[in-house]
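As structure tokens, the structure follows; a few thoughts come after it.
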Amino acid sequence: MSWNVLRRRYECLALLLIAGLLAVAAPSRAESDSQLVVGAFSQAPQGPAAPPGWSPLTFKKVPVATQYAVVRDEGTTVVRAVSQAGASGLIREIAIDLKTYPVIEWRWKVSNLIAKGDVTKKEGDDYPARIYITFAYDPQKVGFSKRAKYRAARLLVGDLPIGAITYIWDGRTPRGTVVDNAYTDFVKMIVIESGDEHVNQWMIEERNVYDDYRRAFGEEPPLVNGVAIMTDSDNTQESATAYYGDIVFKPAR
């Protein structure tokens, strides 16, 4: 048998194998089209390392970082965050078109509230649990005044997104409240849970990020470029413990 004949046979076998693998993978791929899994914490290996695809989000002016670990809680693998007068987060850089996946769903639980927390003051800008959604900066789609304001804000605050929505668990502000972050109005805070009614209980949350952005900023949202979780207590010098479950984006119902 010639080499050319053998090569053609191997090429045919390889093509058949690839076709078979694609046929097997097709159902799971179709299933994944129904949602975009951003934080597959339940599938992450346990330990102090960040879950796959996620990396530390730290701040130069905050010397103490929140400690994150992948642990088991109530039979499920989740991320635990412990803050002792510190602040840091975990972030995943990912591009998401909110016209396709406008809805975010996640689970979280807090063990305590921040007693001195206050959404209106810098010294009270601490929360036992936050979910950050950051948006890409496209100067071609930003007006001159906002570009100038953005450049000035970066000089004062440092690196920050052109826009961000932060879903927070607060101590006293009513649920549904939308307020500017105490440091910059480029970040809008939306209170999802408030008070101690659900402390030490796992809560499932769902928000339409597309609608939230339009209400908060009065314009069409750019692409999402990152999702982060954060538990912080550096401003109040208190402590906080929280747990985060899987995070997914879904089409609107």
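The values are calculated or read from the model by the stated rules, or taken from the named source; none is laboratory data. Not measured: the values here are computed from a predicted model. Cβ placement follows ideal geometry from the backbone for every residue including glycine, while neighbour counts extend to all protein chains displayed. Calculation scope for accessible area: heavy atoms of the full protein, side chains included, ligands and nucleic acids excluded. Shrake-Rupley method; radii C 1.70, N 1.55, O 1.52, S 1.80 Å.
A few notes on this one:
- Exactly one residue out of A40, A69, A50, A87 is out of contact with any Phe, Trp or Tyr (no Cβ under 9 Å at 6 or more places or on another chain), touching a residue at least 40 places away in the same chain (Cβ under 8 Å) and of a type in the set (A, V, I, L, M, F, W, C), and it is A40.
- Scanning segment 89-112 for residues that are of a type in the set (D, E) and more than 26 Å from D170 (Cα to Cα) returns a single hit, D97.
- Tally, over segment 209-232, of residues that are open to solvent by 40 Å² or more (accessible area, probe 1.4 Å), of a type outside the set (A, V, I, L, M) and under 15 Å from the mean Cα position of the chain (by Cα): 2
- Picking from residues in segment 176-208 that are within 18 Å of the chain's Cα centre (by Cα) and among the polar types (S, T, N, Q), the one that is surrounded by the most Cβ atoms within 10 Å (Cβ to Cβ) is N181.
- Search result, residues across segment 61-77 that are of a type in the set (A, V, I, L, M, F, W, C) and either out of contact with any Asp or Glu (no Cβ under 8 Å at 6 or more places or on another chain) or under 21 Å from K109 (Cβ atoms) (or both): A65, A69, V70, V71
- Looking only at segment 207-253, and only at residues there that are assigned to a strand (DSSP E or B) and of a type in the set (F, W, Y), the one that is farthest from P48 (Cα to Cα): F249
- Flag if P102 is of a type outside the set (S, T, N, Q) and either within 14 Å of the chain's Cα centre (by Cα) or under 26 Å from P251 (Cβ atoms) (or both): yes
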